[in-house]
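The values are calculated or read from the model by the stated rules, or taken from the named source; none is laboratory data. Just so you know, these numbers come straight off a predicted model, no measurement behind them. Heads up, the Cβs are rebuilt from the backbone with ideal geometry, glycines too, and the neighbour counts pull from every protein chain shown. What goes into the accessible areas is simple: the full protein's heavy atoms, side chains included, and nothing from ligands, DNA or RNA. Shrake-Rupley method; radii C 1.70, N 1.55, O 1.52, S 1.80 Å.
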Amino acid sequence: MSTDLPNPPHLPEPTPPATTPPDPVISAGLDIAVKWGAALGADKLEIALRALEPQLKREHQILMKRLDMERAAADRGAQAATEAAERAARQRQEQNKHNRHMAGLAAGVVIAIAMLGAGVYVAQDAWWLAALLCGPSLLALAKIFVLRRSDPDDMKFVAQASRTATNTAGQAQQSPPSVP
């Protein structure tokens, strides 16, 4: 930009740094300041710049506040997106847990019905087998599938009941037939 007004002797000619290319905004500002300085004089230019300084400070503060608010809004948006992703992951985990629980309930019901049906079917021929199928073993398996827990006492009770039933069945079969 060329200046039509000559430089006053008290204002030096603006020179850009030798190592970096001049910034166009700074160059334009310096050119305007040189023109104003030549037109107004150094004293009036200084008064004008002092009067302009509070306005520039206010504009700078407003700009900084706006940038801070934009940064805060971007942070809130990122945090909201993160929370939404975490919430979706939790919902998927809860849905998977529910599906597994429902599959366990269905398996428990199918096993319980099958054991009851088999116990009723074999009750005429082998009462001891019916006692095994419909007794404590049925309750223990139902507890495992439905409640998802198993106590060691449950298994001890099932083992004891099965030993008792097989011993009783063995004694019933070993008795000699009566001769008339």
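Potential lengthening of the chain between A78 and R66 amounts to 2.5 nm, from the contour at 0.36 nm per residue minus the alpha-carbon distance. Coupling constants for the stretch 98-103 follow from the phi torsions by the Karplus curve (6.51 cos²θ - 1.76 cosθ + 1.60, θ = phi - 60°), and in residue order they are 4, 4, 5, 5, 5, 5 Hz; glycine and proline get x.
Using a probe radius of 1.4 angstrom, the carbon and sulfur fraction of the accessible surface of the stretch 67-123 is 62%. For the stretch 115-122, 3J(HN,Hα) computed residue by residue from phi via the Karplus equation (6.51, -1.76, 1.60; θ = phi - 60°) reads 5, 5, x, 5, x, 5, 5, 8 Hz, glycine and proline entered as x.
Per residue, the stretch 78-117 exposes an accessible area of 76 Å² to a 1.4 Å probe, with every protein chain left in place. Net charge around A103, counting only other residues with Cβ within less than 14 Å of its Cβ (Lys, Arg = +1; Asp, Glu = -1)? So the surrounding residues net to +3.
Positive contributions from Lys and Arg (+1) and negative ones from Asp and Glu (-1), summed over other residues with Cβ under 13 Å from the Cβ of A81, come out at -1. Dipole check for the stretch 34-124: with +1 at the C-beta of Lys and Arg, -1 at the C-beta of Asp and Glu, and the Cα centre as origin, the magnitude is about 60 Debye.
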